[in-house]
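Just below is one structure, and these are the notes that go with it.
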């Protein structure tokens, strides 16, 4: 595995996921997810209470997962091919995680759970497309 592409992809993917997470979860759909939450008032942390190191490492971890899968599959050489693979990884990962959490926690209703699956799928698709484009996957080695 090309460690330079892995490092670049991990960082780029982490940044894209962080920004998209802020846009989708922190701004555009904040009220929607609040309405579909069963969590008591105050369960969601305010921006000033976020554990930033964990949020950053979590996004980098997901960026690393996407980059690893893209590099291992090989023959991923365009934004579209990366986005398709990222969408599949995001969909199945979120579906599995969110449904297990729905079954075992009282955090959200099924509408919130299924919406989260869609949002995370879109985020992973975009991040994976950018990872492929920026890290130079599919380019011939010089």
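Points to keep in mind about this one:
- Take the Cα of residue 47, step 7 Å toward its Cβ, do the same at residue 75, and the gap between the two points is 4.6 nm.
- Just so you know, the Cα atoms of the chain work out to an Rg and Dmax of 16.1, 56 Å.
- With Cα atoms, 0 to 90° folded angle of helix 110-135 axis to the chain main axis: 20 degrees
- Separation of alpha-carbon centers, segment 29-54 and segment 76-118, rounded to whole Å: 19 Å
- With both labels modelled 7 Å from their Cα along Cα-to-Cβ, the residue 105 to residue 55 distance reads 1.7 nm.
- Efficiency of FRET between residue 39 and residue 68 - r from beta-carbon atoms, R0 30 angstrom, step 0.05: 0.40
- Cα→Cβ-extended label distance, 7 Å offset, between residue 88 and residue 25, nm: 2.5 nm
- Chain lengthening between residue 3 and residue 97 when straightened (0.36 nm per residue, less Cα-Cα): 31.0 nm
- The protection proxy used here, the mean number of other Cβ atoms lying within 10 Å of each residue, ranks peptides 74-86, 28-40 as follows, highest first: 74-86, 28-40.
Every number here is computed from the coordinates shown, using simple stated rules; none is lab data. Fair warning: this is a prediction, and the values are worked out from it, not measured in the lab. Cβ coordinates were reconstructed from backbone atoms using ideal geometry, including for glycine residues, and neighbour counts include every protein chain displayed.
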